[in-house]
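What follows is a single structure, written as structure tokens, with notes after it.
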């Protein structure tokens, strides 16, 4: 087994303070883990929320969790993936034995969730050091780096021909958006769907709704650029999210309101708007990540129209089942991951890219390492 490796990584040391690129030590993988050369890592609103302090995470921490790369070393007992394999890193290794796993909900695995929240590996430790200081890994990954040590069970093979800068989106955003449509809402052909927030996650939901056969797909966003991109990817109509009567406009487009509303912003105002616009018997699926301190007001009368609202984590996904399905859709050209990548930056530009994300610029920004 190798000694530690010196790498560069974007480290957040204080919320609200710009993270900096630092040299840190990456320890070798332990049993059941692998070391990957990070080729690409998408910037997700969850990264920004941690940097701003909306979500709380142990500090210091290497940001980034939407990663894809090439395996360069394996820990004890790891047969798959093998050195040289191209992989996308999912968020949940899943123990397969806890009540959530037995209930076909590996995204809520009792064993993996504490590590993800605590930004540690499954054993409660991390593989990154700065001198003697322990550095955490966001979501047990820490992908804004040249290399990362991750759980081998999180690594899903990526077929040749699909660029890793696209495949990395399946590690979080694309899986969350598409999974919300396919798994959580189970959208049926002919139904109407509204997607509030058309960044990377929302655009994946728009595409999934198109693939599922939705007859009407309304894209709601404050950005004209994102609304135009949503139209290219399958939206049949668009509404300016800054309008005062968003819910009224969407209901008019869907005749009494959409069957499904996907809320991909993560703000109380947009969650409440989603509840107002959903049609009788319809479902609101909240996939945006609001502050845990936020609250929403819901008119109870909607419950007596058989409306429902449901939270959604990671697209209610079983990564080992669902990521290969999405990879196949991408291979066939039905799921256009490339169109969702609007900006590529080097690792040196990661902090600037977070600033651009805070300004809601583009759809998905991806850090691409030339290493």
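Computed from the coordinates by the stated procedures, all read-outs in this text should not be read as laboratory data. Computed from a predicted structure; not experimentally measured. Cβ placement follows ideal geometry from the backbone for every residue including glycine, while neighbour counts extend to all protein chains displayed.
Cα centroid separation, region 354-371 to region 256-275: 25 Å.
All Cα-Cα distances of region 127-224, cut into 5 Å bins from zero to the largest, leave 3, 11, 17, 17, 15, 13, 11, 7, 4, 2, 1, 0 percent in each bin in turn. What nm distance separates the two modelled labels at residue 123 and residue 355, each placed 7 Å from Cα along Cα→Cβ? In this crude label model, residue 123 to residue 355 measures out at 4.0 nm. If I fit a long axis through the Cα atoms of helix 200-212 and take the longest principal axis of the Cα atoms of the chain, what angle between them do I get, 0 to 90°, rounded to 10? So the inclination is approximately 60 degrees. The orientation-averaged projected area of the convex hull spanned by the Cα atoms of region 1-41 comes to 4.0 nm². Put in line by how crowded their Cβ is, counting other Cβ atoms within 10 Å and starting with the fewest, 127, 227 read 227, 127.
The ellipsoid that matches the Cα gyration tensor of the chain has semi-axes, each √(5λ) in whole angstrom, of 34, 20, 19, with the longest given first.
Relative to the longest principal axis of the Cα atoms of the chain, the long axis of helix 268-277 lies at roughly 40 degrees. Using the Cβ-Cβ distance between residue 25 and residue 345 with R0 set to 22 Å, the FRET efficiency from 1/(1 + (r/R0)^6) comes to roughly 0.35.
Using the alpha carbons alone, the radius of gyration of region 266-348 stands to its Kirkwood radius in an Rg to Rh ratio of 1.10. Apply the Debye scattering formula to region 176-313, with a single equal point scatterer on each alpha-carbon and no solvent, then give log10 I(q)/I(0) at q = 0.10, 0.17, 0.19 Å⁻¹. At q = 0.10, 0.17, 0.19 Å⁻¹ the computed log10 ratios are -0.25, -0.78, -1.00. A crude spin-label estimate for the pair residue 4 and residue 298, with each label 7 Å from Cα along the Cβ direction, gives 4.8 nm. Rg of the Cα atoms in region 1-136, relative to 2.2 N^0.38 Å, amounts to 1.07. Annotation: the residues 361, 165, sorted from fewest to most other C-beta atoms within 10 Å of their own C-beta, follow the order 361, 165. Springs between Cα atoms under 10 Å define the GNM used for the chain, and in it the highest mean-square fluctuation of 88, 149, 187 occurs at 187. Listed from fewest to most Cβ neighbours within 10 Å, the set 123, 85, 160 follows the order 160, 123, 85.
Estimated purely from DSSP H runs of n ≥ 4, each contributing -39500 (n - 2.57), the mean residue ellipticity at 222 nm for the chain is -7000 deg cm²/dmol once divided by its residues.
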